1. Here are some residues: THR161, THR157, THR120, THR141. Which one is over 22 Å from ALA81 (Cβ atoms), under 16 Å from the mean Cα position of the chain (by Cα), surrounded by 14 or more Cβ atoms within 10 Å (Cβ to Cβ) and hydroxyl-bearing (Ser, Thr, Tyr)?
2. For LEU28, indicate whether it is hydrophobic (A, V, I, L, M, F, W, C) and at pLDDT 75 or above.
3. Can you list the strands (runs of 3 or more DSSP E) found entirely within the stretch 45-142 that contain at least 3 residues being modelled with pLDDT under 80 and closer than 28 Å to GLY167 by Cα?
4. Go through the stretch 147-175 and report how many residues are in contact with a strand residue (DSSP E or B) (Cβ under 8 Å, 6 or more places away or on another chain) and in a loop (DSSP other than H, G, I, E, B).
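The values are calculated or read from the model by the stated rules, or taken from the named source; none is laboratory data. If you're wondering where the values come from, they're calculated on a predicted model, not measured in any experiment. For neighbour counting, all protein chains shown are included, and Cβ atoms are generated from backbone atoms with ideal geometry for every residue, glycine included.
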Amino acid sequence: MNLRFVMCAAAMGLAAASAGAQSMKPGLWETTTRMGGSPEMDQAMARMQQQMAGMPPERRKQMQSIMDKQGVSAGAGGMTARMCITREMIDRGQLPTRQQDSCKTAITDKTSRGMKMNFTCTNPPSSGDAVYAFQGDQAYTMNMKINSTAKGAPRQTTMDTSGKWLGDDCGAIKPFVFSGQ
């Protein structure tokens, strides 16, 4: 498990949530993700926070600026990512999953208030299930169970995500450009 995996899973969560919502508002969205069941992830997050705190002020400011431009922050409460979603992206069903081609998802149950889905990914190799609860077109929660392998041993990780619409204006956050475009 690594930071890239968390970001991909969070983006996949937003994309899947939009697929199930009757209508998702375009604009700036924020997702907050908390991982569980993975001591390695907890340790990696703690190391990252220690490294940031131990950097010279100029370097820390530079790193923070890079993360801010990407709409990402990490803290004790988990990973927060901001994403700009355009109406065109929603209409095409083309939402920000950084590993668009490596994951396959299937919605197994869908209502106006929520949905269930499962997924398999090849990079990194993983599979799992997710349950979403929608709060209209401006918010959702997701609980995901992820099955993967770490150092040759099977591992199950949980991910709790909440997503909320922040407004029409994305500010400095630009819509995600897919690697295949």
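1. Details: THR161 fails: over 22 Å from ALA81 (Cβ atoms); THR157 fails: over 22 Å from ALA81 (Cβ atoms); THR141 fails: over 22 Å from ALA81 (Cβ atoms).
Within the list THR161, THR157, THR120, THR141, the selection yields THR120.
2. Numbers: hydrophobic (A, V, I, L, M, F, W, C): yes; at pLDDT 75 or above: yes.
The answer is yes for LEU28.
3. Working: elements: 72-75, 78-85, 103-110, 114-122, 125-134.
So the answer is 72-75.
4. Of the residues in the stretch 147-175, the ones in contact with a strand residue (DSSP E or B) (Cβ under 8 Å, 6 or more places away or on another chain) are 147-149, 154-171, 173-175.
Right, trim to in a loop (DSSP other than H, G, I, E, B) and you get 168-171, 173-174.
Looking only at that region, the number is 6.
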